[in-house]
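The values are calculated or read from the model by the stated rules, or taken from the named source; none is laboratory data. What you see is a predicted model, and the numbers here were worked out from it, not measured in a lab. Because the Cβ atoms are built from the backbone with ideal geometry, glycine has one as well, and the counts that use them run over all protein chains shown. Areas reflect the complete protein model, heavy atoms only, side chains present, ligands, DNA and RNA absent. Shrake-Rupley method; radii C 1.70, N 1.55, O 1.52, S 1.80 Å.
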Amino acid sequence: SRRRVIRRRVIREHDQRVCGPMLSSSSSRFVARARGLTAVLLAAVLLAVVTARGRNGRRVRYREDEARDRVFLPSWKRRDAVPPYLGSALRDEKEAEKEFLGPKLKIKTSVPSNYSAPPVREGHGKVRLGITTKVKDPLDFFTWLEYHKRVGVERFYIQVDRTPGLVEKLRRSAYADMIDVTESTGNPTTYKGVFDRRNDEEQNRHNNRSIKKAKRDGITHLAHIDGDELLYFPVGKDAFFAEMSQTLGDTTISSLEMRSLEGVYEFSNCVSFFNTTRAFCASGYNHTSYWGYKPIGNMASQKVYAWGPHFFKGDGDILFLPPHVALVLHYETPCIRKWRKKYYEMDATRVEVILQKCDGHGGWRFPCESVRAFNDKPLSYNADVWRKWKLRSNRDPDALVEIDVTQAF
């Protein structure tokens, strides 16, 4: 033992000559413990920062421009073959556009002659479809509810904004057992517009609350559409649900995207436009509102959440449904009276901001022209602007398709 002590002393003296003076053994233990504690604290701080950044990221993801920049990440654009159980959907947006769009971006809405619905996937229960929506002064809303009930929707998650009496009517209606309705408690929102995303943040929060409720209620798929939009299944309800059954229990899929068509009208209709509209614009070059998608969230995805008005996101993939399987019919501005109210009530500051954006924007001709009309002639009815963009007689017939949703009634 004496030799070992002498040997350690010689080694320590050699180390001191080479590396400088050393700490005592007790001091070394203290330093080691301090370093360990510091490492733990730094790890905790780093974890808190990452978590906070993730939460803040989710708060801003409602913004359309950021969603467009980030949504098609390279990891989602895999070109590997889609497994058979995914039915007709495609993972890659460019491949979906090549497959499902024709000249002038016209959507191919007709059902292919060789189409056959996939067999219903067994062992995962049945598809239960829900809808989440946020509405303000909706038109013909009970027809909207009845239509979706008949095409298979089981549950509605509705947030009502500044529409006196609608919440009570819904709770006393024949649809009360199918509805989870809440009233907006935040700051009153103005009519939403293509250059104004203030409404989208509250809509995002509502959709995320709806996702939690849908999972609690056993809903397997949750669509997000507006009160002026209808789900439409060209292949029929049974084939659509067979397609949806392919994703039951699949945690690798977060969202299924549906293309949108835009209504074109024979006349201004503020009462029953769902029943009278037969023509829809299928070309992206001729849309007067958004041109893109609306999502169906797959509730099997553990981390699915709303990412703006057009997407759900999570730890799984985004799939793009063929337009002959599912479409969204957008009845955009069917009522000239409501159109006039929307643009006439805009405050001057907001109008100035929108006009500045319109000057540097190549699209959105209808909303920009509407803002300019009421800014230049606020006392005029400006009906010529609405007629120019919304009447079927003034639209390109090659861009239109005929759809009759009254068959569901």
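Within the stretch 114-130, identify whether any single residue is under 30 Å from residue 285 (Cβ atoms), loosely packed, with under 15 Cβ neighbours inside 10 Å and at pLDDT 90 or above, and answer yes or no.
yes
Does residue 272 meet the test of being crowded, with 18+ Cβ neighbours inside 10 Å, closer than 30 Å to residue 394 by Cβ and out of contact with any helix residue (DSSP H, G or I) (no Cβ under 6 Å at 6 or more places or on another chain)?
Values: crowded, with 18+ Cβ neighbours inside 10 Å: no; closer than 30 Å to residue 394 by Cβ: yes; out of contact with any helix residue (DSSP H, G or I) (no Cβ under 6 Å at 6 or more places or on another chain): yes.
Answer is no for this residue.
Could you please let me know if residue 140 is crowded, with 16+ Cβ neighbours inside 10 Å, on the phi > 0 side of the Ramachandran plot and modelled with pLDDT of 95 or more?
It is true that residue 140 is crowded, with 16+ Cβ neighbours inside 10 Å, on the phi > 0 side of the Ramachandran plot and modelled with pLDDT of 95 or more.
Just give me the residues in the stretch 306-320 being open to solvent by 10 Å² or more (accessible area, probe 1.4 Å) and within 19 Å of residue 118 (Cβ to Cβ), in sequence order.
317
How many of the residues in the stretch 320-364 are assigned to a helix (DSSP H, G or I) and at pLDDT below 85?
12
One residue is enough: does the stretch 293-305 have a residue meeting the conditions touching a residue at least 24 places away in the same chain (Cβ under 8 Å), in contact with a Pro (Cβ under 8 Å, 6 or more places away or on another chain), of a type in the set (Val, Ile, Thr) and surrounded by 22 or more Cβ atoms within 10 Å (Cβ to Cβ)?
Looking for residues that are touching a residue at least 24 places away in the same chain (Cβ under 8 Å), in contact with a Pro (Cβ under 8 Å, 6 or more places away or on another chain), of a type in the set (Val, Ile, Thr) and surrounded by 22 or more Cβ atoms within 10 Å (Cβ to Cβ), one finds none in the stretch 293-305, hence no.
Say we look at the stretch 275-292 and pick out the residues that are surrounded by fewer than 22 Cβ atoms within 10 Å (Cβ to Cβ) and among the hydrophobic types (A, V, I, L, M, F, W, C); which of these is farthest from residue 124 (Cα to Cα)?
279
What about residue 95, is it part of a loop (DSSP other than H, G, I, E, B) and among the acidic types (Asp, Glu)?
So residue 95 fails the test.
Test each condition in (1) within 25 Å of the chain's Cα centre (by Cα); (2) at pLDDT below 50 for residue 97 and report the one that comes out false.
Checking residue 97 against (1) within 25 Å of the chain's Cα centre (by Cα); (2) at pLDDT below 50, the one that fails is (2).
Determine whether residue 387 is over 28 Å from the mean Cα position of the chain (by Cα) and outside any strand (DSSP E or B).
The answer is yes for residue 387.
Spot the failing condition for residue 156; the list is (1) at positive phi; (2) open to solvent by less than 30 Å² (accessible area, probe 1.4 Å), and only one is missed.
Of (1) at positive phi; (2) open to solvent by less than 30 Å² (accessible area, probe 1.4 Å), only one is false for residue 156: (1).
Can you tell me which residue in the stretch 373-409 is surrounded by the fewest Cβ atoms within 10 Å (Cβ to Cβ), limited to those that are in contact with an Asp or Glu (Cβ under 8 Å, 6 or more places away or on another chain) and of a type in the set (Phe, Trp, Tyr)?
409
With 260, 370 as the choices, which residue is touching a helix residue (DSSP H, G or I) at 6+ places or on another chain (Cβ under 7 Å) and open to solvent by less than 20 Å² (accessible area, probe 1.4 Å)?
Among 260, 370, only 370 is touching a helix residue (DSSP H, G or I) at 6+ places or on another chain (Cβ under 7 Å) and open to solvent by less than 20 Å² (accessible area, probe 1.4 Å).
Please tell me if residue 223 is in contact (Cβ under 8 Å) with a residue 12 or more places away in the chain, assigned to a loop (DSSP other than H, G, I, E, B) and either surrounded by 20 or more Cβ atoms within 10 Å (Cβ to Cβ) or of a type in the set (A, V, I, L, M, F, W, C) (or both).
no
Checking the conditions here, which among 301, 370, 289 is in a helix (DSSP H, G or I), small (Gly, Ala, Ser) and out of contact with any Leu (no Cβ under 8 Å at 6 or more places or on another chain)?
Residue meeting the stated conditions: 370.
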